[in-house]
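All remarks here apply to the structure that follows.
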Amino acid sequence: MQKYKKLAGYSTNRLSFVRLIPTFSVDSVKVLSTVGEVQNLVSNARTAGKIVGLVPTMGALHDGHLTLVHRATEACDLTVVSIFVNPTQFNEAQDFNAYPRTVDQDVRLLEDTGCQVVFHPPHQEVYPKPDQTTYAFGALETRYEGAHRPGHFSGVGMVVKRLFEIVQPHKAFFGLKDYQQVLVIRSLVHQFNLGVEVVAVPTVREPDGLAMSSRNLLLGEEERREAAEIYRVLVAVKAKSRNLTPTDLIDYATAQIDAQKHLSVEYFGIADPDTLAPIEDLQSADHAIALTAVRAGQVRLIDNLQLF
Ligand code: AMP
């Protein structure tokens with residue numbers, strides 16, 4: 001990242017130097033690493049009456065992330081994309097260490113989106129001192145992702161609240177691929193009165209239906225091919241959702257996914273989309289969502305689909 005900052009400096013003063021490195025063009029995107037720099041820029045924008053948008057990410061950007069960024073640039077005058085692999089939301093050290101980090105490529109991808117700022121802070125800028133706040137999200141923490149990743153949503157709450165404090169956006173953009181996370185962020189905003197509008201963006205998928213995810217980069221060839229079964233099964237569950245009981249749907253989905261050599265269901269649930277309370281009787285429900293986490297080899301994938 002230092003590399004980018006140095007080159008950005010050179011690009012104004014030493015054009016001949018830049019010509020040797022034709023792939024770099026940082027004119028449109030500023031890469032900032034300190035809280036002071038971001039706050040300076042954002043406070044100038046806010047004073048000028050501009051709408052500020054934030055897209056929090058952990059990098060390894062794909063079209064799912066870029067769709068969020070496009071939504072942000074359409075709705076906001078200044079769009080900040082943060083790239084920070086947040087250790088407090090990982091409940092497995094191995095998962096944190098293996099998480100893909102491709103910042104130089106991420107910055108290049110963002111150059112075509114209209115986003116003006118990439119905030120890529122080191123750890124101590126985000127967490128200069130230990131955060132003693134308690135982050136509690138009630139039943140959201142005990143169900144599905146909350147139950148299977150102890151401490152995960154507390155870590156998500158911690159980093160998002162901190163990013164909101166630093167960037168002070170009017171709007172923040174999150175993907176519905178992480179459905180439970182969107183509910184957690186809405187709860188966070190409400191509990192701490194953060195005054196940020198949370199915009200939820202539909203899941204972007206690969207041509208075979210697999211939800212785009214940075215973790216897809218870690219899949220082996222066969223795992224990747226089999227992973228498409230997750231969405232196929234979600235679609236089939238949606239089609240059957242008025243005819244079968246939740247238990248039968250869950251059994252069907254689990255058997256279909258587990259039949260793949262490299263896939264193993266961690267959970268498959270059918271729940272109320274607002275509370276995530278499991279649904280017992282689909283006939284009397286107004287809305288329902290199916291949510292799943294699946295291990296593909298060592299890689300953990302999540303997905304969901306609104307049933308009705
Ligand atoms: P991550 O970098 O995985 O923390 O994701 C950053 C943001 O991008 C989160 O709000 C995710 O929900 C969102 N996101 C990730 N994958 C997708 C996708 N396939 N479609 C839409 N949004 C996504």
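What follows draws every value from the coordinates through simple rules; no lab data is involved. Keep in mind that what you see is a predicted model, and the values were worked out from it rather than measured. Counting neighbours? That spans all protein chains shown, and the Cβs are built from the backbone with ideal geometry, glycine included.
Among 206, 74, 226, 221, sorting on how many other beta-carbon atoms sit within 10 Å of each Cβ, with the fewest leading, yields 221, 74, 206, 226.
Annotation: amide H of residue 31 within the under-5 Å range of 118, sequence separation 5 or more or interchain, hydrogens built in the peptide plane. If R0 equals 41 Å, the separation of the Cβ atoms of residue 205 and residue 50 corresponds to a calculated FRET efficiency of about 0.80.
With neighbours defined as other Cβ atoms within 10 Å of a residue's Cβ, the residues 148, 120 order from fewest to most as 148, 120. Rounded to the nearest 10 degrees, the inclination of helix 35-47 to the longest alpha-carbon principal axis of the chain is 90 degrees.
Annotation: amide H of residue 279 within the under-5 Å range of 270, 271, 272, sequence separation 5 or more or interchain, hydrogens built in the peptide plane.
Multiplying the residue separation of residue 104 and residue 147 by 0.36 nm and subtracting their alpha-carbon distance yields 12.0 nm.
Quick check on my link table: of 129/177; 240/261; 30/171, which ones sit more than 29 Å apart, alpha carbon to alpha carbon? Exceeds cut-off: 129/177.
Extension gain, residue 281-residue 235: 0.36 nm per intervening residue step, less the Cα-Cα distance, totals 14.6 nm. Projecting the Cα atoms of 187, 231, 254 onto the charge dipole of the chain (Cβ charges, centred on the Cα centre) puts 187 farthest toward the positive pole. With 0.36 nm allotted per residue and the present C-alpha distance subtracted, the residue 272-residue 129 stretch has 47.7 nm of extension available. Here's how it looks for residue 201: its modeled amide H is under 5 Å from those of 174, 175, 176, which are all 5 or more places away or on a different chain. Which residue fluctuates most in the GNM of the chain (Cα springs below 10 Å): 243, 193, 86? Checking each option, the largest mean-square fluctuation is seen for 193. Working note: Karplus 6.51/-1.76/1.60 with θ = phi - 60° gives region 52-68 the couplings 9, x, 10, 10, x, 9, 10, x, 6, 5, 9, 5, x, 4, 5, 5, 4 Hz, where Gly and Pro are set to x.
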